[in-house]
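Asker: Here it is, the structure, as structure tokens.
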Amino acid sequence: MKKILILLLAISLSISSLLAESISVKVTSSKPIYKTITKRVPYTYYDDVERNVPYNCGRTTVNRNEIGLDTIVGTVIGVVAGNQIGRGNGRVAAKIVGGLGGGYVANQMRTGNSQTCYRTEIVQQRFTSYDYEEVQKIVAYKNCGYIGNRLICKKTKRRQRYIYLNY
């Protein structure tokens with residue numbers, strides 16, 4: 001029911017616009033209508049920045065994956081600990097895991113003596129910032145013309161040579 005009413009209304013409006021009288025008026029002046037907008041304008045600049053750079057202080061150790069006395073002792077301690085933890089068939093697995101873990105920890109303790117120091121360097125870094133400027137933008141035109149002594153104006157998106165008035 002609503003669709004039929006909407007259809008009838010649309011038909012009646014289109015018929016009335018066809019029957020309406022239209023007058024064309026020659027445009028004598030067309031002036032732009034401006035709107036002020038704020039525009040964001042990027043600019044790039046460079047500035048000196050301090051940066052901490054890591055370097056080796058001289059206490060170095062070379063890890064050649066050698067098995068030392070400390071690794072053997074760590075493995076034995078890991079096997080003993082695994083023997084105490086495991087039960088039944090899991091005891092063998094606990095010994096293996098404990099031995100590997102103990103050897104690894106002991107080996108890492110030997111190679112973990114290196115120290116990292118930092119020095120400060122000054123480098124240029126690029127930054128982007130923004131300025132804001134106000135710009136006048138044309139949003140429409142006020143087109144005006146005369147019918148007799150009467151001034152008629154109409155606002156449109158573009159400059160017009162004629163404006164059309166419907167009665």
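Asker: Answer with yes or no whether Gly145 is part of a strand (DSSP E or B) and of a type in the set (Gly, Ala, Ser).
Answerer: Considered against the rule, which asks whether it is part of a strand (DSSP E or B) and of a type in the set (Gly, Ala, Ser), Gly145 comes out as yes.
Let's see how each residue does on (1) assigned to a strand (DSSP E or B); (2) at pLDDT 90 or above; (3) surrounded by 10 or more Cβ atoms within 10 Å (Cβ to Cβ); (4) over 43 Å from the mean Cα position of the chain (by Cα):
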{"residue": "Ser16", "(1), (2), (3), (4)": "no, no, yes, yes"}
{"residue": "Lys31", "(1), (2), (3), (4)": "yes, yes, yes, no"}
{"residue": "Lys35", "(1), (2), (3), (4)": "yes, yes, yes, no"}
{"residue": "Gly58", "(1), (2), (3), (4)": "no, no, no, no"}
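Asker: Please find, within region 112-142, the residue that is modelled with the lowest pLDDT out of those that are assigned to a strand (DSSP E or B) and in contact with a Cys (Cβ under 9 Å, 6 or more places away or on another chain).
Answerer: Among residues in region 112-142 that are assigned to a strand (DSSP E or B) and in contact with a Cys (Cβ under 9 Å, 6 or more places away or on another chain), the one modelled with the lowest pLDDT is Thr116.
The values are calculated or read from the model by the stated rules, or taken from the named source; none is laboratory data. All values derive from a computational prediction rather than experimental measurement. Ideal geometry is used to build each Cβ from the backbone, glycine not excepted, and the neighbour counts take in all protein chains shown.
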